[in-house]
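Novice: Encoded as structure tokens, here's the structure I'll be asking about.
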Amino acid sequence: MISVTDLTESQALHELTRLADEIAGHDIDYHRQDAPTISDADYDALKRRNSEIEGRFPHLIRENSPSLTVGAARSEQFAPVQHGAAMLSLDNAFSDEDAAEFDARIRRFLRLDETPVSYTAEPKIDGLSCSIRYEKGVLVQAATRGDGRVGEDVTANVRTIGEIPARLAGAGWPDVIEIRGEIYLGKDEFIALNAAAEAAGQRTYANPRNAAAGSLRQIDPKITATRPLRFFAYAWGELSGSFAETQWAALQALQTWGFRVTGQSARVEGLDGLIAAYRNLEAERPKLAFDIDGVVYKVDRLDWQGRLGFVSRAPRWGIARKFPAEQARTFLEAIDIQVGRTGAITPVARLRPVTVGGVVVVNATLHNADEIARKDLRIGDMVILQRAGDVIPQIVGVAPDERRGPEPYTFPDHCPCPLHTPLVRETTAAGAQTVVRRCSGEFACPYQRLAHLRHFVARRAFDIEGLGEKQLTAFNERGWIEQPADIFKLARDAEKLAELRETDGYGDLSVANLVAGIEARRTISLDRFIYSLGIRHIGETTAVVMSRGYGTAADFLVAMDKVAARDPAAMQELDDLDQIGTAVIAAAAEYFAEDHNRRLVQELYDQLIVEDVEPPKQDTAVAGKTVVFTGALEKMTRDEAKAQAERLGAKVSGSVSKKTDLVVAGPGAGSKLKTAAELGIQVLTEDDWLTLVGA
Ligand code: IVH
């Protein structure tokens with residue numbers, strides 16, 4: 001993988017497209033099928049890469065960017081709701097010049113004389129927009145924005161938000177009105193929510209906006225009810241009759257009907273007023289109890305708004321003037337080295353605490369050694385820190401003329417783990433060297449061990465019932481499970497099992513279940529065995545290819561020993577397998593060259609019965625074909641579909657290319673379907689597929 005800092009603009013564009021697609025696929029697996037196919041950490045890494053690329057190329061942020069959407073674009077957990085009037089977005093302005101151009105355009109369009117135009121300038125609240133429909137003053141439906149035309153029905157959840165009236169107060173409201181506004185979480189509430197999540201070992205949210213979206217889009221409204229969500233009203237959609245002549249008067253009316261509107265909104269005159277309002281809000285921003293990311297300018301007169309109308313997806317009468325990323329200066333006190341699950345080394349900046357964008361920042365990732373060198377960051381420097389929207393705080397560079405650090409930073413060449421392994425440069429799947437350095441200690445490195453064990457018992461690997469992350473961590477802490485073989489030894493260790501009963505309060509049934517869960521996996525397929533080892537670049541698909549290539553565990557292990565010894569014939573044999581390239585060969589060689597890895601595999605193998613591979617069928621309708629599944633499947637899970645296809649001799653791929661023979665598309669299929677149409681590839685429904693394979 002190319003480092004984010006090395007991407008060209010066109011590579012970045014391509015990557016963002018790919019990531020959006022990949023993340024959307026995982027979102028579907030997770031939210032709609034309840035069957036994630038990757039770990040949370042890997043998922044987060046994809047999202048992080050997406051955000052990092054967006055941080056470097058903000059103008060490439062896609063409208064459907066994974067950083068802007070929460071979960072699947074529209075999950076089937078929530079019924080679709082057609083908005084009475086589309087929920088559009090606003091164009092962005094970034095400077096006084098842009099504001100002047102906005103004002104000039106309006107005056108040109110309306111053919112106005114010199115009299116200044118009245119505008120409202122409202123804080124742009126950083127939450128998620130919501131449309132709430134009232135009929136005869138009674139809340140009947142609430143929907144998220146969705147794609148602007150169709151959103152998700154979140155009525156039950158919105159009813160739990162105290163600031164949203166179930167019945168409109170006062171008078172003068174039209175019989176039908178869709179109130180539009182922003183659901184958000186305050187800064188303090190966000191921090192408290194994350195602290196509670198962290199204490200409970202749950203996922204934390206990246207920022208208040210994500211937290212608000214995640215809290216609203218709960219399947220169980222009881223959970224939403226526990227989140228201190230708030231609401232500001234600022235606009236409306238469908239209306240059965242007009243109720244105000246100006247935006248300013250409309251905001252007052254919304255207030256009399258029981259909504260909160262922002263106290264920082266102002267009515268201003270002309271360009272000078274627009275600029276002054278922006279400066280004012282920029283100064284207010286740090287003091288506000290909620291995040292704002294800009295100022296929304298709107299033409300005040302609603303009849304003029306009507307005349308100005310819309311261009312494509314945004315009104316001509318309004319614009320969002322965005323704040324630049326917030327910056328702060330602080331001391332770089334230290335650079336720590338973190339070892340990730342895969343052994344990847346990440347340098348982390350320890351900073352003197354500083355508030356940026358309402359959040360106290362004490363750490364910032366430095367990504368990799370090259371980044372530190374490029375910016376010439378030195379311990380003791382005064383650095384400039386930046387936080388823009390979703391993007392994790394980043395160090396922009398050393399504050400000009402404020403270099404304090406006496407000497408350039410030397411990146412360690414050994415892992416900080418007790419093994420003290422020499423760090424190696426990571427290679428991409430295509431075999432190219434990257435800027436990432438890695439500890440090769442794998443299971444033997446204590447920083448990686450638990451992560452490796454987690455991978456080992458993950459659903460796609462050994463999938464041991466009753467041995468989840470919690471138990472695994474506990475058993476690891478007391479030294480019972482340090483490597484995979486220990487799991488199978490534990491199931492037969494009467495002494496330890498007795499101890500579980502006596503001191504850990506396990507009942508007979510729980511112990512029996514744990515033992516049964518482990519024993520049930522003592523017999524395992526070869527591909528799972530290979531995948532479970534967590535060797536770099538050997539994911540599930542590669543593991544399946546290798547298992548088919550070698551057929552038996554014994555042959556696999558013999559071959560790997562030879563690969564480790566760089567035996568040319570053995571390396572060629574591996575290379576000849578479909579889809580296996582230099583990165584896999586190098587990773588396998590590196591892994592099996594380590595004594596501790598070979599011992600670990602042997603000890604594990606001694607505990608198991610690894611099944612031989614049945615050769616795939618050759619005489620089926622889909623044998624030898626490359627198939628892509630996309631969208632939601634209704635009669636089977638993705639996994640089942642994949643396994644079935646492979647059993648029948650087909651190859652399953654994640655992306656559509658010229659090599660694809662068939663695309664099986666379910667509801668929600670997106671860009672893959674488009675690509676298939678462009679390439680003239682045959683597209684089947686799930687039912688067509690089942691008929692074809694005779695299931
Ligand atoms: S008015 C035609 N007013 O910003 C759209 N939007 O970029 C009219 N937002 O989707 C929207 N504060 O989620 C409006 N005071 C405000 C706003 C505001 C935040 C959000 C809203 C909208 C997005 C547009």
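Just so you know, all these numbers are worked out from the coordinates, no wet-lab data involved. From a predicted model like this one, the values you see are computed outputs, not experimental measurements. FYI the Cβ positions are ideal-geometry reconstructions off the backbone, even for glycines, and counts take in every protein chain you see.
Novice: Hey, what do the phi angles of the range 237-254 turn into as Karplus ³J(HN,Hα) couplings, whole Hz, using 6.51/-1.76/1.60 and θ = phi - 60°, x for Gly and Pro?
Specialist: So the J values, rounded to whole Hz, are x, 4, 9, 8, x, 7, 9, 7, 9, 9, 4, 4, 5, 4, 4, 5, 4, 4.
Novice: For Tyr506, what charge total do you get from the other residues with a beta carbon under 12 Å from its beta carbon, if Lys and Arg give +1 and Asp and Glu give -1?
Specialist: Neighbourhood net charge equals -2.
Novice: Sticking with this structure for a sec: Rounded to the nearest 500 deg cm²/dmol, what is the calculated helix-only ellipticity per residue at 222 nm for the chain, with -39500 (n - 2.57) per DSSP H run of length n ≥ 4?
Specialist: Only helices count here, giving -11000 deg cm²/dmol.
Novice: Note down the net charge around Ala553, summing +1 for each Lys or Arg and -1 for each Asp or Glu among other residues with Cβ under 9 Å from its Cβ.
Specialist: Numbers: positive: none; negative: Asp555, Glu611, Asp612.
Result for the neighbourhood of Ala553: -3.
Novice: To the nearest µm²/s, what D does Stokes-Einstein give for the range 524-660 at 37 °C and 0.692 mPa s, using the Kirkwood radius over alpha carbon pairs as Rh?
Specialist: Rounded to a whole number, D works out at 205 µm²/s.
Novice: Starting from the Cα coordinates of the range 602-667, work out the convex hull volume and express it per residue in Å³.
Specialist: 135 Å³
Novice: What FRET efficiency comes out for Ala45 versus Glu333 if R0 is 35 angstrom and r is the Cβ-Cβ distance? Round to the nearest 0.05.
Specialist: My answer for the efficiency is 0.85.
Novice: Given R₀ = 60 Å, what would the calculated FRET efficiency be for Thr552 paired with Thr8, taking r from the Cβ atoms and rounding to 0.05?
Specialist: 0.85
Novice: Same structure, new question: 5 Å is the cut-off here: which amide hydrogens, built 1.01 Å from N in the peptide plane, fall below it relative to Glu426, excluding neighbours closer than 5 in sequence?
Specialist: Close amide H contacts, sequence-distant or interchain: Thr434, Val436, Arg437, Arg438.
Novice: List the GluC sites (Glu not before Pro) in the range 137-195 that DSSP assigns to loop (not H, G, I, E or B) and whose Cβ has at most 16 other Cβ atoms within 10 Å. Which are they?
Specialist: Working: sites: Glu152, Glu163, Glu178, Glu182, Glu189; in loops: Glu163.
Loop-located and lightly packed - Glu163.
Novice: To the nearest 20 Debye, how big is the dipole of the range 404-550 about its Cα centre, given +1 on the beta carbon of each Lys and Arg and -1 on that of each Asp and Glu? Spell out each step's value before the answer.
Specialist: Working: 19 positive and 19 negative charges, 108 e Å.
I would put it at about 520 debye.
Novice: Compute the relative contact order of the chain as a whole-number percentage, counting only Cα pairs closer than 8 Å that sit 6 or more residues apart in sequence.
Specialist: Across the chain, relative contact order equals 9 percent.
Novice: For the range 257-374, how big is the tail of P(r) above 21 Å, as a whole percent of Cα pairs?
Specialist: In whole percent, the long-distance tail amounts to 60.
Novice: Just check the range 47-200 against the gyration tensor rule for me: Cα atoms, a ≥ b ≥ c as the square roots of the eigenvalues, rounded for a/c under 1.5, and otherwise prolate or oblate depending on whether a/b exceeds b/c.
Specialist: Here the range 47-200 falls in the oblate category.
Novice: Find the eigenvalues of the gyration tensor of the Cα atoms of the range 207-253, then list the square roots of 5 times those eigenvalues as equivalent ellipsoid semi-axes, largest first, in whole angstrom.
Specialist: Value: 31, 13, 9 Å, ordered largest first.
Novice: Nothing charged except the Cβ atoms of Lys and Arg (+1) and of Asp and Glu (-1): what's the magnitude of the dipole of the chain about its Cα centre? Round to the nearest 20 debye.
Specialist: Once rounded to the nearest 20, the dipole reads 1400 debye.
Novice: Restrict the search to the range 143-174; then list the trypsin sites (Lys or Arg not before Pro) that DSSP places in a loop and that have at most 16 other Cβ atoms within 10 Å of their Cβ. Present the calculation step by step, with values, prior to reporting the outcome.
Specialist: Working: sites: Arg145, Arg149, Arg159, Arg167; in loops: Arg145, Arg149, Arg159.
Listed in order of number, the matching sites are Arg149, Arg159.
Novice: OK, next. Considering the options Leu90, Phe102, Val140, tell which one lies farthest towards the positive end of the dipole of the range 86-144, charges being +1 on Lys and Arg and -1 on Asp and Glu at the Cβ, about the Cα centre.
Specialist: Of the options given, the answer is Val140.
Novice: How much net charge surrounds Val362 when only other residues with a Cβ under 14 Å from its Cβ are counted (Lys, Arg +1; Asp, Glu -1)?
Specialist: Once positives and negatives cancel, what remains is +1.
Novice: Another one. If a paramagnetic tag sat 7 Å from the Cα of Ile219 along the Cα-Cβ line, which residues of the range 129-160 would have the backbone N under 17 Å from that point?
Specialist: 153-157
Novice: Taking the Cα atoms of the range 462-609, report the difference between the largest and smallest coordinate on each principal axis, in whole Å and largest first.
Specialist: Principal-axis extents of the range 462-609 (Cα, largest first): 55, 25, 23 Å.
Novice: Still on this model: Distance between Cα centroids, the range 142-173 to the range 486-520: provide it in whole Å.
Specialist: Their Cα centres are 51 Å away from one another.
Novice: Please report Rg over Rh for the range 184-227, where both radii come from the alpha carbon positions and Rh follows the Kirkwood definition. All intermediate terms of the calculation are to be shown ahead of the outcome.
Specialist: Working: Rg = 9.6 Å, Rh = 10.4 Å.
On the Cα set of the range 184-227, Rg over Rh gives 0.93.
Novice: Still on this structure: Mind checking the full-extension length gain between Glu101 and Thr355? Use 0.36 nm per residue of separation minus the Cα-Cα distance, one decimal, nm.
Specialist: Here the answer is 88.1 nm.
Novice: Using only the C-alpha atoms of the chain, find the volume of their convex hull and express it per residue in Å³. Mind showing how you got there, number by number?
Specialist: Details: hull volume 130.5 nm³, N = 695.
Dividing the Cα hull volume of the chain by its residues yields 188 Å³.
Novice: For the range 144-248, what is the charge dipole size about the Cα centre, in debye to the nearest 20, if Lys and Arg each add +1 at the Cβ and Asp and Glu each add -1 at the Cβ?
Specialist: The dipole of the range 144-248 has a size of about 280 debye.
Novice: When only DSSP loop residues count, what chymotrypsin sites (Phe, Trp or Tyr not before Pro) in the range 415-464 have their Cβ near at most 11 other Cβ atoms within 10 Å?
Specialist: Answer by residue number: there is no such site.
Novice: I'd like the Kirkwood hydrodynamic radius of the range 653-694, using the inverse of the mean 1/r over distinct C-alpha pairs, in Å.
Specialist: 10.5 Å
Novice: Go through the range 294-310 residue by residue and turn each phi into a ³J(HN,Hα) via Karplus (6.51, -1.76, 1.60, θ = phi - 60°); whole Hz please, and just put x for glycine and proline.
Specialist: For the range 294-310, the Karplus-derived couplings read x, 10, 9, 9, 9, 4, 6, 6, 6, 5, 5, 4, x, 5, 5, x, 10 Hz, x marking Gly and Pro.
Novice: Using only Cα atoms and rounding to the nearest 10 degrees, what angle (0 to 90) does helix 595-607 make with the longest principal axis of the chain?
Specialist: 80 degrees
Novice: If you don't mind, there's one more thing I want to ask. Given a Förster radius of 41 Å and the C-beta distance between Asp687 and Asp175 as r, what FRET efficiency does 1/(1 + (r/R0)^6) yield to the nearest 0.05?
Specialist: Between Asp687 and Asp175 the formula returns 0.35.
Novice: For the range 188-284, what class follows from the C-alpha gyration tensor (a ≥ b ≥ c being the square roots of its eigenvalues): rounded when a/c is under 1.5, otherwise prolate if a/b is larger than b/c, else oblate? Provide the component values of the computation, followed by the final result.
Specialist: Working: a/c = 3.39, a/b = 1.64, b/c = 2.06.
Note, shape of the range 188-284 comes out oblate.
Novice: Skipping prolines and chain starts, which residues have an amide H placed within reach, meaning under 5 Å, of the one on Val354, given they are 5 or more residues away or on another chain?
Specialist: Correct list: Val361.
Novice: Which residues' amide hydrogens lie under 5 Å from the amide hydrogen of Ala85, considering only partners 5 or more residues apart or on another chain, with H built in the peptide plane?
Specialist: Residues meeting the amide H criterion: Glu238.
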